[in-house]
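The values are calculated or read from the model by the stated rules, or taken from the named source; none is laboratory data. As the structure is a computational prediction, the values presented were derived from the model and not from experiment. Backbone-built Cβ (ideal geometry, glycine too); neighbour counts: all protein chains shown.
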Amino acid sequence: MSAPVETSTGAGTEVSASVEAADASTAGLSFQERWGDRLNPLVVKEVRQGLRTRVFWACFGLMLLACLVLALVAFVHTREEAFAHHGQGYFFAFFICLAVVHFFVIPYSAYRSLAREREDDTWVLLVLTGLGPRRILRGKVSSFLVQAALYASAVGPFLLFSYYLNGISLPSILAVLGLGGAWLVFLTVVAVCAATLADSRMGRAFVHFVVLGVLGLAFSAALGISGALSDSGNRLLSNDGVHLAMGIGLGLMLLDGWLLFEVAASRLSLSTEDYTRGPRRVMVVQMLVALVVGLGFWWHEDQGHVVTEIFAVCGTLHLAVVGLFVVTDVDGQARALRAATGPVSLFRPGALRGFRLTMLLLVGWAGVWAALALVSGKTNHGSESMRMLMAVMPAYVILYLSLALVLGRMPRSDRFSSPASVRLLFVAAVGVAAGLPPLVAALVGIEMGDPLLNLLNPVVGIANFGAHDYATAEPGMAWPLVAFVVGVALLVAFMADRVLVEREKRAHLP
Amino acid sequence: MSPLLEVKGLRRDYGALRAVDDVSFHLEPGSILGFIGPNGAGKSTTLRILATLDSPTAGEVLLGGHSLVDTPDRVRPLIGYMPDRYGTYDDVTVFEFLDFFARAYGLTGAKRRQRVESVMGFTGLGPLADKLTTALSKGMRQRVALGRTLLHDPQLLLLDEPADGLDPRARIELRELLRALADQGKAVIISSHILTELAEICDTCAIIEQGRLLATGRVEDILRQGASVAAVELMVRLAVGAEADAAWARAERLLLEQPRVARVSREGESLRVGLELEAGAGAGQVDAAAAGLLSALVTAGLPVCSFGMRERNLEDAFMTVTKGRLA
């Protein structure tokens, strides 16, 4: 973009500046300046801003002071006992100093930074520069991680000092610091995502309190885990179960952190942008990764039936939660996006495509695990019931997601059609369907968990289908009932699909 | 000259609410358009659509021949948007603020530095480069915001209520800056509900109310619209204290009962009266109508201290065009 010769008027001074002429002097830039040009502009700005805040210097000063005092206490305490094992306690004490900043101050500052950006309307100015929501968010997260690194650099020598106090192994220290780092990144992403959730003043106040609460809990959890690891790290780290739990934890942090990041970017995108591509792509990747991991477990466990049951149920629950947000997107999409949208462009904006993608994933997920369950070697008495459960659970999810869409978007009035309204309708529909049949059963004097009355009950129904009658060695329910639930779910899903097609047509009318 | 911006049949619905309804206008390079309307008239919504921050329900916007609706990414670099809130950051200096946005616009190295210095010179911010933005006056913060808008050398400037809250001096300086920008060939759209300032800055204006464009064209043409209404300003000495409101109401009622009086509005101790005349009425007829009104008021016992004809301005044109139906 070129700039013309400009004439100053406001201050009354004449300025003549041909920007093109400046290009010639680019070669004379220092390495630092050239490197700075490559950095995300948000990182430069946020770090500059962050280092000027009172919060940074107060936290930095207090943290350093606390560490110094602790180090002095440790020195005095261990001076007489050269071979005593005090490392564990002091390491944990130093880590607490860092944890306050890393697991509370940094994520909360990241949250406030983005929230203020939205409250002060500076967000739109950033968007108009062409940086794009993803790059802006990456800049935000990175800048706070840079600040976190500055804090860590101050506490690092003290942590190392605790190693020389004996009693804590290097692997334990590395495990705590590694997990702590991952937790810091995850919490910062969660906080940034939370800042995008609410638009109204009330909503923002509510989210603010939730964030404070969640960060408080996250801080406590971090202390609990790091305390356990520093206390009996060697024993825990030699346990395969702990390795597995750590691996699963890190995997979940990575995948869910990625999903939340994409959700935040999507919420900050303009309606003319392809704002759903990111979250929907992550949703599919999550399911594929879970499938690969599940297959690995299944193979490792000699094709055990239990693995298929666990993965089928957990995956369906995950899809139900994520799918609720995907299917409740607004109807239609901006004109700029329509030309490139085909019938299978399921990542593109619009509730219709979100709904179809979620349905496909639910059916696909159920199909894969049902097939694996059929070929599984190890079965037990309850296997038949669990197969039924694996079949009906996605059906319940499909049924209630579709029902909420039909209730919210079938009427011509837009009163209940907003994304938030449809989500509330989903919760209400599930609540009513779960509570009403047992209540009716109690009133008419039959068993509250009656299988037929609770056939479409998403809680008792699932429990009934999963139950196995050990007295008769038969499953609690029959396959025709499974077929009935699946049939109803598909019928309502078809209705929802037609409703969304109709609404998209209406939204695209000139 | 071919128009830089063409807006055709723009419409924006929010559910059942139609915020912008069939708005059409065009703008040539180097001209300044005043977008006039009361709060909630649809000015900011239209500007947000023109800034590519929102998409219209229907209609077309062409900027430099490219559709803003179909290819927003392509036209965005041509637009400089300044929202009604200045949008500056705490704990950054003026230079750092502009430098940050210059980086965000993709300017690098010496080119970036040169551009920031050029913009600071143009807006008169040079001496304040190292000051924190929070330490600046409102007028200076507004200059910083304008400077940010100019960093990427846009062809179309969209300024939403730029003079809101500025003191008279800052307003005059803003006017000079905008005129200089127009002289450089940039097209400028300014939305405002402070009509007096717009008449002095703008070449053309568009009056919008309840989402509909009621009048558009050169300021002189707009002023001529509804010229069959003459404005009279009179000052009356009325009772003070508890009875003041009732006395003012009586005076207004009395005025409205007079022939040719179309509307009455109170401004402090003065009353502004609109006299309705036949189309194409000459100066003699205007004088006769004013004299008749004065005579009637004196006869009715209204204590008139001063009485005079007032030159017609954009505010009168606005009231005529909108028929006083303020939202």
Would you say residue A:421 is without any contact (Cβ under 8 Å) to a residue 60 or more places away in the chain and either over 27 Å from residue A:306 (Cβ atoms) or of a type in the set (Asp, Glu) (or both)? yes
If you scan the range B:86-127, which residues turn out to be more than 7 Å from every other protein chain (Cβ to nearest Cβ), in a helix (DSSP H, G or I) and crowded, with 21+ Cβ neighbours inside 10 Å? B:94, B:97, B:98, B:99, B:102, B:112, B:116, B:119, B:120
Cβ-Cβ under 6 Å, sequence separation 6+ or interchain: first residue in the range A:253-272 and buried (at least 20 other Cβ atoms within 10 Å of the Cβ), partner outside any helix (DSSP H, G or I). Which pairs? A:264/A:196; A:266/A:275; A:268/A:196; A:272/A:334; A:272/B:55
So which residues in the range A:109-136 are crowded, with 18+ Cβ neighbours inside 10 Å, within 23 Å of residue A:184 (Cβ to Cβ) and either charged (D, E, K, R) or facing another protein chain (nearest Cβ under 7 Å) (or both), if there are any at all? A:117
Which numbered condition residue B:66 fails, given (1) out of contact with any strand residue (DSSP E or B) (no Cβ under 9 Å at 6 or more places or on another chain); (2) at the interface with chain A (Cβ under 10 Å from one of its Cβ atoms); (3) not hydrophobic (A, V, I, L, M, F, W, C): (2)
Looking at (1) more than 23 Å from residue A:36 (Cα to Cα); (2) more than 8 Å from every other protein chain (Cβ to nearest Cβ); (3) surrounded by fewer than 20 Cβ atoms within 10 Å (Cβ to Cβ), can you tell me which one residue B:131 breaks? (1)
Let me confirm something: among A:50, A:12, A:28, A:36, which residue is within 14 Å of another protein chain (Cβ to nearest Cβ), closer than 26 Å to residue B:126 by Cα, modelled with pLDDT of 50 or more and surrounded by fewer than 14 Cβ atoms within 10 Å (Cβ to Cβ)? A:28
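Restrict the check to the range A:143-152 and report whether at least one residue is part of a helix (DSSP H, G or I), within 13 Å of another protein chain (Cβ to nearest Cβ) and within 23 Å of the chain's Cα centre (by Cα). Before you say what the answer is, go through the steps one by one.
Restricting attention to the range A:143-152, the residues satisfying the condition of being part of a helix (DSSP H, G or I) are A:143-152.
Next, from what is left, pick out any that are within 13 Å of another protein chain (Cβ to nearest Cβ): A:143.
Retained after the next criterion (residues that are within 23 Å of the chain's Cα centre (by Cα)): A:143.
Within the range A:143-152, one or more residues are part of a helix (DSSP H, G or I), within 13 Å of another protein chain (Cβ to nearest Cβ) and within 23 Å of the chain's Cα centre (by Cα).
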Any chance the range B:47-58 includes a residue that's modelled with pLDDT of 90 or more and more than 14 Å from chain A (Cβ to nearest Cβ)? no
How many residues, within the range B:282-315, are at pLDDT below 75 and either β-branched (Val, Ile, Thr) or not assigned by the TED database to the domain that holds residue B:263 (or both)? 1
The range A:332-364, residues that are surrounded by fewer than 22 Cβ atoms within 10 Å (Cβ to Cβ) and among the aromatic types (Phe, Trp, Tyr): A:347
Name the residue that is modelled with the highest pLDDT, counting only residues in the range B:76-85 that are assigned to a loop (DSSP other than H, G, I, E, B) and within 7 Å of another protein chain (Cβ to nearest Cβ). B:83
Suppose we filter the range B:187-226 for residues that are assigned to a helix (DSSP H, G or I) and in contact with a Gly (Cβ under 6 Å, 6 or more places away or on another chain); how many remain? 1
Per the list (1) more than 9 Å from every other protein chain (Cβ to nearest Cβ); (2) at pLDDT 90 or above, residue check on residue B:138 breaks on (2)
So which of A:58, A:71, A:66 is more than 10 Å from chain B (Cβ to nearest Cβ), over 22 Å from residue A:138 (Cα atoms) and more than 35 Å from the chain's Cα centre (by Cα)? A:71
Residue among A:143, A:153 that is of a type in the set (Ser, Thr, Tyr) and either modelled with pLDDT under 90 or surrounded by fewer than 20 Cβ atoms within 10 Å (Cβ to Cβ) (or both): A:153
Would you check which residues across the range A:168-224 are more than 25 Å from residue A:94 (Cβ to Cβ) and in a loop (DSSP other than H, G, I, E, B) and list them? A:195, A:196, A:197, A:198, A:199, A:200
Any hit, the range A:99-107, residues being assigned to a helix (DSSP H, G or I), within 16 Å of residue A:164 (Cβ to Cβ), out of contact with any His (no Cβ under 9 Å at 6 or more places or on another chain) and not acidic (Asp, Glu): no
What number goes with the only condition from (1) closer than 20 Å to residue B:143 by Cβ; (2) surrounded by fewer than 21 Cβ atoms within 10 Å (Cβ to Cβ) that residue B:22 does not pass? (1)
Might you let me know whether the range A:451-459 holds any residue that is assigned to a loop (DSSP other than H, G, I, E, B), under 26 Å from residue A:322 (Cβ atoms) and within 14 Å of chain B (Cβ to nearest Cβ)? no
Every residue from the range B:166-216 that is of a type in the set (Gly, Ala, Ser) and either surrounded by 15 or more Cβ atoms within 10 Å (Cβ to Cβ) or within 13 Å of the chain's Cα centre (by Cα) (or both): B:170, B:180, B:182, B:187, B:191, B:192, B:199, B:206, B:211, B:215
Looking at the range B:163-186, which of its residues are of a type outside the set (Gly, Ala, Ser), outside any helix (DSSP H, G or I) and at pLDDT below 85? B:164, B:166, B:167
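Can you pull out every residue in the range A:79-88 that is surrounded by fewer than 18 Cβ atoms within 10 Å (Cβ to Cβ) and either assigned to a helix (DSSP H, G or I) or not acidic (Asp, Glu) (or both)?
Of all residues in the range A:79-88, those surrounded by fewer than 18 Cβ atoms within 10 Å (Cβ to Cβ) come to A:79-86.
Of everything in the range A:79-88, those that are surrounded by fewer than 18 Cβ atoms within 10 Å (Cβ to Cβ) and either assigned to a helix (DSSP H, G or I) or not acidic (Asp, Glu) (or both) turn out to be A:79, A:82, A:83, A:84, A:85, A:86.
Taking the stated definitions as given, is residue B:92 among the hydrophobic types (A, V, I, L, M, F, W, C) and over 30 Å from residue B:140 (Cβ atoms)?
Values: among the hydrophobic types (A, V, I, L, M, F, W, C): yes; over 30 Å from residue B:140 (Cβ atoms): no.
Spelling it out, it is not the case that residue B:92 is among the hydrophobic types (A, V, I, L, M, F, W, C) and over 30 Å from residue B:140 (Cβ atoms).
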Residue that is away from chain A (no Cβ under 14 Å) and touching a residue at least 12 places away in the same chain (Cβ under 8 Å), where the choices are B:170, B:182, B:206, B:145: B:206
Go through the range A:104-144 and count every residue that is farther than 20 Å from residue A:37 by Cα, free of Cβ contacts under 8 Å to residues at least 24 places away in the same chain and small (Gly, Ala, Ser). 0
When you check residue A:44 against the structure, is it within 9 Å of another protein chain (Cβ to nearest Cβ), surrounded by 14 or more Cβ atoms within 10 Å (Cβ to Cβ), modelled with pLDDT of 70 or more and part of a helix (DSSP H, G or I), yes or no? yes
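Only one of B:9, B:59, B:40 is under 23 Å from the mean Cα position of the chain (by Cα), assigned to a strand (DSSP E or B) and not hydrophobic (A, V, I, L, M, F, W, C); which? Give the derivation first.
On the way: B:59 fails: under 23 Å from the mean Cα position of the chain (by Cα); B:40 fails: assigned to a strand (DSSP E or B).
Of the residues listed, the single one that is under 23 Å from the mean Cα position of the chain (by Cα), assigned to a strand (DSSP E or B) and not hydrophobic (A, V, I, L, M, F, W, C) is B:9.
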